[in-house]
Amino acid sequence: MSNLPNIAINKERLWESLMEMAKIGGTAKGGNCRLALTDLDKQGRDLFVRWCTEAGCTVTVDRMGNIFARRPGRKPELDPVVTGSHLDTQPTGGKFDGVYGVLAGLEVIRTLNDHGFETDAPVEVSVWTNEEGSRFAPAMTASGVFAGVFTEDYAHAIPDQDGKKLGDELKRIGYLGDQPCGGRKFRAFFEAHIEQGPILEAEKRTIGVVKGAQGQRWFEVTITGQESHAGTTPMNRRRDALLGAARMVDRINAIALAHAPNAVSTVGVLRAMPGSRNTIPGSVFFTVDMRHPEDKALSSMAASLEAALATVCGEIGLKYECKEIWYSRPVAFDKDCVEAVKRAAGESGFENMEIISGAGHDACYISRVAPTGMIFVPCADGISHNEIESATPDDLAAGCNVLLRAMLERAVL
Ligand code: GLV
Ligand code: MN
Ligand code: MN
C-alpha cells in the first residue's frame, strides 16, 4: 500500500523492554513466574502503564482489569486498531509468552512516535487479564468477558486454589477499573505471539500467518474411593482413588492418540487426598485439557473421556464426577486480517506460512467481536510454558515489523 510510511521498529528497544519486564518475577532458570493478579502481576502492569504514559498514551482500565493504552489518530470518530496480549505467566513460564504481544504493541507506538507519524484511526495496545488460566480457570477470562462469552459476575467470582476471588484480587492490586468490559468496537485486532510449537522452526519460516486456533475443552474430575490403612487393607478390598486416576491418565493420553494426528490431551493438575503415605487415597482431583482443530473430533474425545471414566471407575468400585468447566470452540480468524498479515510479511521479505494455533489466545475471543488476525514468530525447539522458552531478537523484531505494517494498513485510510 503506497500511502504507508516506510518505517521500521527498533529491535534493540523491543528486546531491552522484554528483558526489563522479565526482571519482574524472574526465576532461577531464566523464566518468569508472574501469576495473574499477584503483586508481581501488579508490578508488571505498573511498568507497562508507566511506559505507555511516557509514550504519550491515555490509559484506561476496565472492570476486568484489562488495560488499554491509546495513541490518538487524526480521526477520533474512527474505531481504534488494537493490538495486545497478556502479561500473566504460567508458574514456570517464559519471558515471551504473552509479554511479547504486549511489548510489540508498545514498540509499534514508540516507533510511530519516533517518526511523528499520525494515523487516521487511533491505535491501542491492550493487556488482557488472566489469559493463562493457571491461577484462575478457565483461560482467556477477561477477553472472554469482553467478547460476551462470560459475565463479569461469573469472572469476578472465580476462586484460585486458596479460595481468593478474581474480582477481589483485581481490587487488591488496584486494577479493578471503572470502564465497562466490552461493548467497544475495534476496527481490527492483531496479536503477535511466539508460536509455542515447533512448526515455524522446522519449516525455517520467520512468520506464521495464523488462520485460526484449535478448540479446547477443560474438565475437572473428582474420583472417590475409600481411605483406608495401607498396611492392613488387602489388595482385593481396596477402593484406591489414585489407582483409578492413574489408569485415567493413561486413558486420556490414549484418547488423543486415537484421534491422531491433530489431537492433544493433558492431565496438568492431580491432587490425591488425604496425601499421607500410609493411607490409601480416598479421593483424587485432576484436570483434563483436550484440544483439536475440529469440533466434531473434540466432541468425540469428550465422549471417550466420559466412557473411560465409567469403565475405569466401575472396575475398581469408585465413584466419579466430571465437570466441564470450559469449552472454547475452534476459531477461524477474519479473512481480511489474515490477508493483511500475509501481505505485511511478504512485503517485508519474511519467509512465512499459514498456521493454526495450538495454544489459546485472547485473539480467539476478540475474534467474536472484531476482525482479528495473529502473527507468530518461532521459539527455540518449540518450547513454551517452560522457563527456558527462548526467541531471537531478530525474529521478535520481524514479527513486530509485520504487526506495525498490518496495523498501519488498517489505521491509515
Ligand atoms: C494458553 O496459554 C494455552 O494453554 O493455550
Ligand atoms: Mn500466551
Ligand atoms: Mn501461555
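Could you tell me how many degrees, from 0 to 90 and to the nearest 10, lie between the Cα long axis of helix 99-114 and the main elongation axis, the longest principal axis, of the Cα atoms of the chain?
10 degrees
Just to confirm a number: summing +1 for Lys and Arg and -1 for Asp and Glu over residues other than residue 109 whose beta-carbon lies under 14 angstrom from that of residue 109, what do you get?
Net of charged neighbours comes to 0.
For the ranges 40-49, 223-232, what's the packing order if you count other beta-carbon atoms within 10 Å of each residue, average per peptide, and put the highest first?
Per-residue Cβ counts within 10 Å, averaged per peptide and sorted highest first, yield 40-49, 223-232.
Rounded to whole Hz and in sequence order, give me ³J(HN,Hα) for the range 139-152 from the Karplus expression 6.51 cos²θ - 1.76 cosθ + 1.60, θ = phi - 60°, writing x for Gly and Pro.
6, 6, 4, 7, 5, x, 5, 4, 8, x, 7, 10, 7, 4
Report the Cα centroid-to-centroid distance between the range 95-114 and the range 196-263 in angstrom, as an integer.
Computed from Cα coordinates, the inter-centre distance equals 35 Å.
So how do 9, 366, 194 line up by other beta-carbon neighbours within 10 Å, fewest first?
Listing 9, 366, 194 from fewest to most nearby Cβ atoms yields 9, 366, 194.
Report D for the chain in µm² per second (integer): Stokes-Einstein, Kirkwood Rh on Cα pairs, 4 °C, 1.567 mPa s.
For the chosen part, D equals 58 µm²/s.
Near residue 69, within a Cβ-to-Cβ distance under 12 Å, what is the net charge of the other residues, with Lys and Arg +1 and Asp and Glu -1?
Computed value for this residue: +3.
Against the longest principal axis of the chain, how steep is helix 11-22, in degrees 0 to 90 to the nearest 10, with axes from Cα atoms?
With rounding to tens, the tilt is 40 degrees.
What relative contact order, as a whole-number percentage, does the chain give when Cα pairs under 8 Å and 6 or more residues apart are counted?
Result for the chain is 24 percent.
Separation of the range 355-401 and the range 288-310 by C-alpha centroid, Å?
Result: 26 Å between the Cα centres.
For helix 335-347, what angle does its Cα long axis make with the longest principal axis of the chain, in degrees from 0 to 90 and rounded to 10?
The angle comes out at about 60 degrees.
If you take every DSSP beta bridge fully contained in the chain, what fraction is antiparallel? Give it as a percent rounded to 5.
70 percent
How do 289-295, 95-101 rank on mean C-beta neighbours within 10 Å, highest first?
95-101, 289-295
State, to one decimal in nm², a quarter of the convex hull surface area for the C-alpha atoms of the range 147-242, i.e. the direction-averaged projected area.
Value for the range 147-242: 13.2 nm².
Give me the one-decimal Kirkwood hydrodynamic radius in Å for the range 82-216, with the sum taken over alpha-carbon pairs.
Result for the range 82-216 stands at 16.8 Å.
Which net charge results when you count Lys and Arg as +1 and Asp and Glu as -1 among the other residues whose beta-carbon is under 15 Å from that of residue 251?
-3
Only the coordinates and a few stated rules stand behind these numbers; no lab work does. Owing to the predicted nature of the structure, the values given are computational and were not obtained by experimental measurement. Neighbour counts run over all protein chains shown; Cβ positions are idealised from the backbone, glycine included.
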